[in-house]
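Notes follow the structure.
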Amino acid sequence: GEARRAVRAADCGRARRARVAGAARPRPAVARSVPDKTVAAAAVEVVEGHHVDVVPHVPSNYPHFTPFIENVEQYRAMYKRSIEDPDGFWGEIAEEFHWERKWEEKHTSWNFDVRKGPIHIEWFKGGLTNICYNALDRHVQEGNGDRPCFLWEGNEPSDDSVMSYKQVLDEVCRMANYLRSLGVGKGDAVSIYMPMVCELPIAMLACARIGAVHSVVFGGFSAEALAGRIADCKAKVLITSSGVMRGNKKIDLKGIADRGVELAAKEGHEVPTVIVREIKHAVPRKDTKVVEGRDVWWEDAVAGQSTEAEVEWVEADHPLFLLYTSGSTGNPKGVVHCTGGYMVYTYTTTKYVFNMQEGDVYWCTADCGWITGHSYLTYGPLLVGATQVVFEGVPTYPGPDRCWQVVDKYKVKQFYTAPTAIRSLMRSGDLYVKEHGRDSLRILGSVGEPINPEAWRWYHDVVGDGRCPVVDTWWQTETGGHMIAPLPNVWRQKPGSATLPFFGVLPVLVDEKGNELEGEAEGMLCIKQAWPSCLRTVYGDHERYQTNYFAPFPGYYFSGDGARRDADGYFWITGRVDDVINVSGHRIGTAEVESALVAHPKCAEAAVVGYEHPIKGQGIYAYVTLMEGVHQSEDLRRELVASVRSTIGAFAAPDVIHWAPGLPKTRSGKIMRRVLRKIATKQEDELGDTSTLADPAVVQQLVELRGK
Ligand code: WTA
C-alpha cells in the first residue's frame, strides 16, 4: 500500500508539473456542449495524448477503498443479467427494502415503441411500498436513529446544526400530520419553494409519506415561473420560507412566493394554504408580510403534531414527484417519477457509483430544486443510510476555499458537484485547495454538463491529490438516476468520458434516420429499453411525453444529447443536439428565453443560441430585432435582460444581446440557428451551406454589428 502510494504521489507530481508547464501554451480545446465534430475530436486527441501518463489504468491505483464490484468482468456479468433478466436483477435488489406487499414475479413490462401503441412502463407491478419509510423508519428501526442524517452548513461558516435520522423522522411525521389535517392526501400536489435548509428535504419526505406528489421549484426561479408551475399541477399547498441569504445577498423569497401565488390565481388556480418556514438569519418573522387566513408558520403548523404518522402504502407506480424541466419548445414539462422503480434505482446507483456505505459522510452541492438534489440528496443517500451535508451557501463564499474547509470540517468522503463549480474554483488557484488537508476524500463526482479534460484533471490531481477516482455521471431529469457513469476503481478512467452504462441501461447511438450505429461512432444518444427510474409521463400531457421522447426515433427513448463511442466502448457526451442550452449545469430552453424577450413591447423578434463560456460551460447569446422606429441603447439592453430575469430567473439572463436588423431565415421562414451559432463564436468563415437563406446579406450585417 505505502509503496504504491509513493509511486502514485510521484506520478501525480509529474502530472501537475506537466499541467503547469502546459499553462503557457494555448489552452487545449474543451469538449464543449455545442455538438461540433471538430471540437469534440480535438478534445479526445488531447485526452488520449495524456491519459496514459496521468490516469491510472488499473483500479488498484486507488488504494483507499475496495469497490463493491471487484473488476470489469464482474461488472460485465452483472450488466448482462440486468439487461436480459431485469425482473430478477432488480427484484433481488428490491428485497433489501420494506414492501408492505411484494411485487409479482414478472413485475416489469413496457412498450417503448410509439408504433406499437401508447408508451407504457411498469416496474414492481403489484408491489406496495413507501419511499419515506425506507429512507427513514427502516434505519431507525434497525437501531440507527441516532446516526446523523443531515449536517446542515449555513451560508455563514459559523452557522450549522445536526439532525439525526430520528429527529428527521419526527419532523417529517409532524409535517405529514399537518398536511393531512389540511386535507392533503394521496395523489395531491404540493409545491415547495425553499432554500437549502433541512426543512426542504423534510417537506419532500413528508409528502412522500402521505402519498402526496411534491413539486419542488428551485429557489432561483422568478415569481412568474413559480406561478406557472403552481398552476400547472394545481398545488393544494405551497411550502416556502421567509427569505434566504445567498453569499452577501439577501433574497426576499416570501415576497416572490406571494407574487407567485397571486399570479397563479390569475392563471385560474388559488392556493389555499402557504406554509412559511422562518429563516431568522435572512428575514425574521417580524419583517415578514403574512397573509391572514392563508399563511401559516411552519413552527406553528407542526407544534402539537404527533411525531408518529401513519405511512400511506402506495403502489410501486404511484407518482412520487413532479419536476419541471425545459425542452426545445413550449413551457417547461412536468416530468413524473414513480415510487418503486425510482427508489430501487436511485439507491443502487448511489451505492455503486459513489461506492457508498451506511454512515459514510457524503456531500452533494446541488440544490433540491434540481433532479440531482432529489435523487442524490433527498432519496438515494438516505436509502443507503448515509450522513450528508446540506449546504445552504455557495462554493465561493466567504472565500474560494469554502468547499475544502467544509470537506475537512465534516470529513466528507464522497463529494459531488458540477463542472461549473470546478472550473470556477480552479481559476482561483491551487493554494485555496492546499490550505486544507482533504484526507477524508475518497470519491469525486461530477454532474450536469460535460466536464472538459482540463477541469477533470485539476479535480483529480489537485482536489483529489490523485488518489480519488472521478465519477463523471451522465443522466437527466427524465432518467431519474445515473445512466452512464464510471464505477470507481473498477475500470480505467478517461478524463471527459462518462465511460460505460450503469446496470439496466442500454444506450445506443443512432444516425439522423434512426439507424443504430455500431462500434466506434458518433450520433444521437438513445436508450433502447426501460430502466427502473425512467420518467413515466409528462404531467397532464401523455401525448407530449410520447412526442418529445419517443417519437423522434421510434423504438427508443431519445435523450436530446449527442455522443461518441470510442474503440473501448466508452461514451463521450458532446452535448445537446436540440434547442436546449446548459448554463452552469442549469437546463434552459432557448424558446423560453426568446418568449421572455419578445414579451418586451420594444422587441419584435428574438433568437437565442448557446456559446462556449469558460466557466459556465455555455453562455446565453441573444439576437434581438427591435420594433420599427425603436433605437438600440444600453438602457434597452438592460431592460431586456431584466425581462428575462423576471420571467424565468436570474440564472437565465442573457450574457450577450446582439442587435439584429434581421435574422437569417430560410425561405420558409425558419431561423437558421447554425448560422447564428457561428456568428456568435466568430466562426463566420465556417458557415457551411447558406444557399437556402432568404436574404444572404443578413449574415454580413450581423457580423458587422457584433459587439456594437
Ligand atoms: C447534460 C442533470 C455531459 C446533458 C442531471 C443532459 C451532462 C442534461 C452530464 C440534463 C455529464 C448532465 N456529461 N453532459 N456528466 N450530466 N449532462 O435534466 O446535456 O438538469 O441532457 O439533469 O445535462 O440536465 P438535467
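Rule-based calculations on the coordinates, nothing more; no lab input. Because the structure is predicted, anything quoted here is derived from the model rather than measured. Note: ideal-geometry Cβ built from the backbone for every residue, glycine included; neighbour counts use all protein chains shown.
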Hydrodynamic radius (Kirkwood) for the chain, which is based on Cα pairs only, to one decimal in Å: 26.2
Eligible lysines near K254 by straight Cα distance, threshold 20 Å, same-chain separation 8 or greater: K234, K236, K266, K280, K286, K289
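Where does the range 366-445 land on the Kirkwood hydrodynamic radius, alpha-carbon pairs, in angstrom? Before the final figure, lay out each step's value.
Numbers: mean 1/r = 0.0749 Å⁻¹.
After inverting the pairwise mean of 1/r, the radius is 13.3 Å.
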Prolate/oblate/rounded call for the range 353-491, Cα gyration tensor, a/c under 1.5 rounded: rounded
Amide H within-cut-off set for V335, under 5 Å, with H built and near neighbours excluded: L323, Y324, T325, Y539
Cα-based reach from K116 at 18 Å (exclusive), listing aspartates and glutamates while leaving out same-chain residues under 8 positions away: E543
Whole-angstrom gap from the range 483-517 to the range 525-539, using each part's C-alpha centre: 16
For F221, distant residues with modelled amide H under 5 Å away: none
Whichever aspartates and glutamates have a C-alpha closer than 16 Å to that of K602, once near sequence neighbours (fewer than 8 apart) are set aside: E594, E628, E634, D635, E639
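Rounded if a/c is under 1.5, else prolate if a/b beats b/c, else oblate: with a ≥ b ≥ c from the C-alpha gyration tensor eigenvalues square-rooted, which is the range 68-138?
oblate
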Rg/Rh ratio calculated on Cα atoms of the range 622-685 (Kirkwood radius): 1.00
Convex hull volume per residue for the range 577-672, taking Cα atoms only, in Å³: 101
Relative contact order (percent, whole number), the chain, Cα cutoff 8 Å, 6+ residue spacing: 14
Rg(Cα)/(2.2 N^0.38 Å) for the range 455-585, N = residue count: 1.11
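Rounded to the nearest 20 debye, what is the charge dipole size of the range 421-569 about its Cα centre when +1 sits on each Lys and Arg Cβ and -1 on each Asp and Glu Cβ? Don't skip to the end; give the middle numbers.
Details: 15 positive and 20 negative charges, 83 e Å.
Approximately 400 debye in magnitude.
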Computed Rg/Rh of the range 237-355, alpha carbon atoms with Kirkwood Rh: 1.04
Estimated FRET transfer efficiency (E270, Q141; beta-carbon r; R0 41 Å; 0.05): 0.50
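Kindly identify the range 337-394 as rounded, prolate or oblate by the Cα gyration tensor criterion: order the square roots of the eigenvalues as a ≥ b ≥ c, call it rounded if a/c is under 1.5, otherwise compare a/b with b/c, prolate if a/b is larger, else oblate.
Oblate, because a/c is 1.5 or more while a/b does not exceed b/c.
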Label-to-label distance, nm, for residues given as K250 and D541 (7 Å Cα→Cβ offset): 3.9
Karplus 3J(HN,Hα) series, Hz, for the range 595-609 with 6.51 cos²θ - 1.76 cosθ + 1.60 (x for Gly, Pro): 6, 5, 5, 5, 5, 6, x, 8, 9, 8, 7, 9, 9, 10, 9
